[in-house]
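The values are calculated or read from the model by the stated rules, or taken from the named source; none is laboratory data. Keep in mind that what you see is a predicted model, and the values were worked out from it rather than measured. Every residue, glycine among them, receives a Cβ derived from its backbone with ideal geometry; neighbour counts consider all protein chains shown.
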Amino acid sequence: MRYSILSLIAGLCLAIFFVTGCDGGLRLTAPPINTGEVTIIDNGDGQLISNEPVVLTWDFVPNIDHFKVEYSTDGGRIWTPIGETTQATCWDWKIPAGTSTEAFIVRVDGYSNQSSAPQSRAFSPMLSVVPFGTLHHITIIVHSTVAVNETFSVSADGYDMYNNLVPLDNTTSYAWAWDFGDGNTSSAATPTHVYSIAGIYNITLTLVLIDPIIGNMYSDSVEVRVS
């Protein structure tokens, strides 16, 4: 009975460390070793953002010849390649544009030249990525040329520091101050205007975040030709 148990244990060990090759022979192999976490270093604000530059770092056991780096936005069901490297244990990368998930993971597999199977494997923690950060700058949207007595509209887009589009549709959160360069102004989010005299005018928008603590101010100016 003791021999049978030992045989069973030995068989399980062989099942783990040997696989059958295409020629029917047994070849020594080993399952990937989870050697720890991949670290994602961002700008220090504690929130990963779409388009944000990050640094991926990892550590592996010796005798690793190259690394394959991948990411997943669904908790590890589907993996998308980032790239491969033979030199360093870090990678400068930018989170793909439009990423929005609560199940973001980076995986790094380490390979030796003697095997096509990964010899080591490490994961990052599961993290969230938001599609945009806080407002950083604004851009006025208007035609560069309009006709005299033509009614036209102006609006603005907001962007974070990584040029992700930040919605400005919650107009009650901002104070809008338009200056059309002809003595006329507006406090609407998307006003219309008419120029009665031909010329070149500078349209300026000053946008103030209505917050007693932050109260940030953003501005942009654009030139319009009226003919």
Test: residue in region 94-102 that is surrounded by 13 or more Cβ atoms within 10 Å (Cβ to Cβ), closer than 30 Å to Asp65 by Cβ and out of contact with any Phe, Trp or Tyr (no Cβ under 6 Å at 6 or more places or on another chain): yes
Qualifying positions in region 74-116 - of a type in the set (Gly, Ala, Ser) and modelled with pLDDT under 90: Ala88, Gly110, Ser112, Ser115, Ser116
Subset of region 108-133 (residues that are of a type in the set (Val, Ile, Thr) and under 14 Å from the mean Cα position of the chain (by Cα)): Val129, Val130
Residue pairs meeting the criteria (Cβ under 6 Å; at least 6 apart or on separate chains; first within 24 Å of Asp211 (Cβ to Cβ), in region 113-136; second among the small types (Gly, Ala, Ser) and part of a strand (DSSP E or B)): Leu135/Gly158
Selected residue (only one of Thr151, Thr101, Thr80, Thr85 is in the same structural domain as Ile40 (by TED's automatic domain parsing), in contact with a His (Cβ under 8 Å, 6 or more places away or on another chain) and of a type in the set (Ser, Thr, Tyr)): Thr85
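Could you pull out every one of the strands (runs of 3 or more DSSP E) wholly within region 175-227 that has 1 or more residues that are within 19 Å of Asp157 (Cβ to Cβ) and within 30 Å of the chain's Cα centre (by Cα)?
Details: elements: 192-194, 199-209, 217-226.
So the answer is 199-209, 217-226.
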Residues (part of a loop (DSSP other than H, G, I, E, B) and modelled with pLDDT under 95) located in region 53-73: Trp58, Asp59, Phe60, Val61, Pro62, Asn63, Ile64, Asp65
